[in-house]
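A short write-up of the structure that comes next.
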Amino acid sequence: MGVDTAMGFFKLREQDSAGDAKTLGETLEALKYNSDGLVPAIAQQYDSGEVVMMAWMNRAAIEETLETGRVCYWSRSRQAYWRKGESSGQIQKLIEMRFDCDGDALLLKVDQTGPACHTGRRSCFYHKVDGDRVVIDGEPLINPEELYK
C-alpha cells in the first residue's frame, strides 16, 4: 500500500470509536514502511514504562513476533532477522503491540530479560542531555563480553 493509501487508512481511523476494529492484515498492509520495507519499533518495559530500545521491523518480523510472542527485529547492519536475545540470552517477550496514529511507528510493550542494550546497560537510551552536556546516566549491568560469549 502506498503512503497516500496508508495515510488514508490511518486518517480514517481517527474518526473510529473505541472498540471499532480492522483486520490485522489490512492494518499491516497500511503501515508506512520506509523504502527498505522497515518501520521503527520502540520497545518499552511493560510494567515500568521504561523505554529500553528502538529497532526496525519489516512485516515478516512483525508477523513472527505476533505468532511466537518473542520479539524479532530486522538488523540493518547484518541484513538478517534478529531475535532479541538469541546470542545474549536477554530476550524480549511481547506483552502488547500498538501502532501510532499515523501508522509509521510501533510500540512494543515487552518483558525484557536483563539488559536490552548491547553495551550491557538496561536501556539503549543512557546518553542524557543535561543543559549543555550529555551525561552517561547508567552503568552496564553485565560486561558486554560476558553477554556475547
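The values are calculated or read from the model by the stated rules, or taken from the named source; none is laboratory data. Computed from a predicted model, the values in this text were never measured in an experiment. Cβ sites come from the backbone with ideal geometry, for glycine too, and all protein chains shown count toward neighbours. For accessibility, only protein heavy atoms count, side chains too; no ligands or nucleic acids. Shrake-Rupley method; radii C 1.70, N 1.55, O 1.52, S 1.80 Å.
Using a simple spin-label model with points 7 Å from Cα along the Cα→Cβ vector, what separation in nm is obtained for THR68 and LYS128?
Roughly 3.5 nm, to one decimal.
Just the number, please: carbon plus sulfur as a percent of the accessible area of segment 53-126, 1.4 Å probe, no ligands or DNA/RNA counted.
Exposed carbon and sulfur together represent 49 percent of the surface.
Let me spell out the model: positive unit charges on the Cβ of Lys and Arg, negative unit charges on the Cβ of Asp and Glu, origin at the Cα centre of the chain. What dipole size does that give, in debye rounded to 20?
That gives a dipole near 380 debye.
Identify the trypsin sites (Lys or Arg not before Pro) of segment 8-80 meeting these criteria: DSSP loop state and at most 15 other C-beta atoms within 10 Å of the C-beta.
Hits after loop and neighbour filter: LYS22, ARG76, ARG78.
How many Lys pairs in the chain lie less than 20 angstrom apart by Cα atoms, where the lysines are 8 or more positions apart or on different chains?
Taking the chain as the scope, the lysine pair count is 7.
Quick check on the chain: helices-only [θ] at 222 nm, where DSSP H runs of length 4 and up contribute -39,500 (n - 2.57) each and the sum goes over total residues. Nearest 500, please.
That calculation yields -6000 deg cm²/dmol at 222 nm.
Quick check: residue separation of GLU86 and LYS109 times 0.36 nm, minus the Cα distance between them. What number comes out in nm?
Working it through step by step, the gained length comes to 6.4 nm.
Hey, what's segment 32-116 come to in accessible area per residue, 1.4 Å probe, Å²?
Per residue, segment 32-116 has an accessible area of 48 Å².
Round to the nearest 0.05 the FRET efficiency obtained for GLU146 and ASP47 when R0 = 25 Å and r is the Cβ-Cβ distance.
0.45
Taking the Cα centre as origin and putting +1 on Lys and Arg beta-carbons and -1 on Asp and Glu beta-carbons, what dipole magnitude results for segment 32-116, to the nearest 20 debye?
In debye, rounded to 20, segment 32-116 gives about 240.
Using a Gaussian network model on the chain with a 10 Å cutoff between Cα atoms, which of GLY120, GLY131, GLY37 fluctuates the most?
Checking each option, the largest mean-square fluctuation is seen for GLY131.
Between SER75 and ASN34, what is the label-to-label distance in nm when each label sits 7 Å out along the Cα-to-Cβ direction?
Inter-label distance under the simple model: 1.8 nm.
In the chain, if the dipole is taken from +1 on Lys/Arg beta carbons and -1 on Asp/Glu beta carbons about the Cα centre, which of SER48, THR27, SER123 is farthest to the positive end?
So the residue we want is SER123.
Measure nothing but the geometry: give the 0 to 90° angle between the long axis through the Cα atoms of 59-68 and the longest principal axis through the Cα atoms of the chain, rounded to 10°.
Helix 59-68 sits at roughly 70 degrees to that axis.
Spit out the partnerless Cys residues in the chain, using Cβ distances under 4.7 Å as the pairing rule.
CYS72, CYS101
For a quick check, take a GNM of the chain with Cα springs below 10 Å and name the residue from ASP132, ASP16, ASP104 with the largest mean-square fluctuation.
For the chain, modelled as a Gaussian network with Cα springs under 10 Å, the answer is ASP132.
Over its Cα atoms, what ratio of radius of gyration to 2.2 N^0.38 Å does segment 32-116 give?
1.00
Relative to the longest principal axis of the C-alpha atoms of the chain, give the angle of the C-alpha long axis of helix 3-13, reported between 0 and 90° and rounded to the nearest 10°.
80
Pick from ALA55, ALA30, ALA21: which residue has the top mean-square fluctuation in a GNM of the chain where Cα pairs under 10 Å get a spring?
ALA21
If one puts a single equal scatterer on every Cα of the chain and applies the Debye formula without solvent, what log₁₀ I(q)/I(0) results at q = 0.09, 0.12, 0.18 Å⁻¹?
With one equal scatterer per Cα and no solvent, log10 I(q)/I(0) is -0.33, -0.57, -1.09.
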